[in-house]
Every structure is written in C-alpha cells, then in structure tokens.
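Below is one structure; the comments refer to it alone.
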Amino acid sequence: MNAKGTVIKYGDNIDTDVIIPARYLNTSLPEELAKHCMEDIDKDFINKVKQGDIMVGGANFGCGSSREHAPIAIKASGISCVIAESFARIFFRNSLNIGLPILECPEAAKDIGNGDTVSVNFDTGVITNETKGREYQATAFPKFMQELINAGGLVNYISSGKM
C-alpha cells in the first residue's frame, strides 16, 4: 500500500470545525462534505486538490469536536493520506475507522513544503519528499491496520469477515 501526490500544507491546531464547518453537518454524504472541506481557511482547496494528493499539517491536527465528518471530508476530497507532527487522538481514531491513512512524523511535517511531491510507503513507514530528495521515517502500519484501511475502514473490514 502506497501513496504519492502533491502536498497541500497547513499549520498547527487545524481543528475539525475548520476541516468541515459545522454549518455543513446536516449531511453525512462524503461527496457533499468534500465540497466544503477546508473552505474556511482555504477557499481554493476544493479547486486545487487532486485525487491522490497528500495533506500535511502541524501539531494537534484534527483537534476540536469528535465528529467523523472531518476525516470523511478529507478522504472524499481526494486526499490519499495525512501527515502531521501530531494528531488529536479522536481524529486519529476516526481517520482509521473510515479508512483514511494518517502518519505522525514531526520531521516530515516540518520539512515538507506546500506543492512538494511526496510518496509514502505504508509497509515501511518511509515518507519520501521527491522534490527535496529527503526521506523521513514514520511508524509503519501493522498488517491488520493496512487491511482495515484497504477495506475502506472499520465497518467494511468487519463486514468482510477478516476479523
């Protein structure tokens, strides 16, 4: 399991109200949530994001409300993975529950720039900044977590009978 894409980068303390504003929580349809992802801090996000792009954030990414809408909006927008210095624990769990791969790697989060091309090997946890020619080491996902992500999240994983 791998990802490769162009980076869209944000700073510290990106909360779930910024990822998907509360005024759009009247739906749980991924395609509708994606239309409004990040709009309060990056009006152009939905126009510039491409399938497979990688989001990079700073410390405490996903803080705030415990809604699953936030990682759903990110995933549905086309983002293939999120790399951050650190994640709020509930966002971390919600992301894995819906099949959005996320990696904590402070060195990568600080060094990777907006617009860089980055590839991620989930088997090894190696993040490669192809633009700068640098590698960073995150913790690799265990096999069962890779299966859970590949299944599209916890519910699909359980439904598939792999548990």
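Below is a table of values for the structure above.
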{"read-out": "Pair list, Cβ < 7 Å and 6+ apart or interchain, from the stretch 23-34 residues that are over 9 Å from A76 (Cα atoms) to residues that are open to solvent by less than 50 Å² (accessible area, probe 1.4 Å) and outside any helix (DSSP H, G or I)", "value": "Y24/H36; L25/R67"}
{"read-out": "Number of the condition not met by F87 [criteria: (1) at pLDDT 95 or above; (2) under 20 Å from L148 (Cβ atoms); (3) in contact with a helix residue (DSSP H, G or I) (Cβ under 6 Å, 6 or more places away or on another chain)]", "value": "(3)"}
{"read-out": "Qualifying residue in the stretch 2-22 (condition: under 25 Å from E130 (Cα atoms), open to solvent by 40 Å² or more (accessible area, probe 1.4 Å) and hydroxyl-bearing (S, T, Y))", "value": "yes"}
{"read-out": "Neighbours by Cβ (under 8 Å, 6+ apart or cross-chain): first from the stretch 111-126, at negative phi and without any contact (Cβ under 8 Å) to a residue 40 or more places away in the chain; second among the acidic types (D, E) and open to solvent by 40 Å² or more (accessible area, probe 1.4 Å)", "value": "V126/E135"}
{"read-out": "Meets criteria (touching a Ser or Thr at 6+ places or on another chain (Cβ under 6 Å) and over 17 Å from A3 (Cβ atoms)) for A34", "value": "yes"}
{"read-out": "Selection count, the stretch 131-163, where residues are assigned to a loop (DSSP other than H, G, I, E, B) and either of a type in the set (A, V, I, L, M, F, W, C) or touching a residue at least 40 places away in the same chain (Cβ under 8 Å) (or both)", "value": "7"}
{"read-out": "K75 vs. criteria under 11 Å from the mean Cα position of the chain (by Cα) and touching a residue at least 24 places away in the same chain (Cβ under 8 Å)", "value": "yes"}
{"read-out": "Some residue of the stretch 110-130 being open to solvent by 30 Å² or more (accessible area, probe 1.4 Å), under 15 Å from the mean Cα position of the chain (by Cα) and over 13 Å from V56 (Cβ atoms)", "value": "yes"}
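The values are calculated or read from the model by the stated rules, or taken from the named source; none is laboratory data. Fair warning: this is a prediction, and the values are worked out from it, not measured in the lab. Cβ coordinates were reconstructed from backbone atoms using ideal geometry, including for glycine residues, and neighbour counts include every protein chain displayed. We work out accessible area using only protein heavy atoms, side chains counted, and drop any ligands, DNA or RNA first. Shrake-Rupley method; radii C 1.70, N 1.55, O 1.52, S 1.80 Å.
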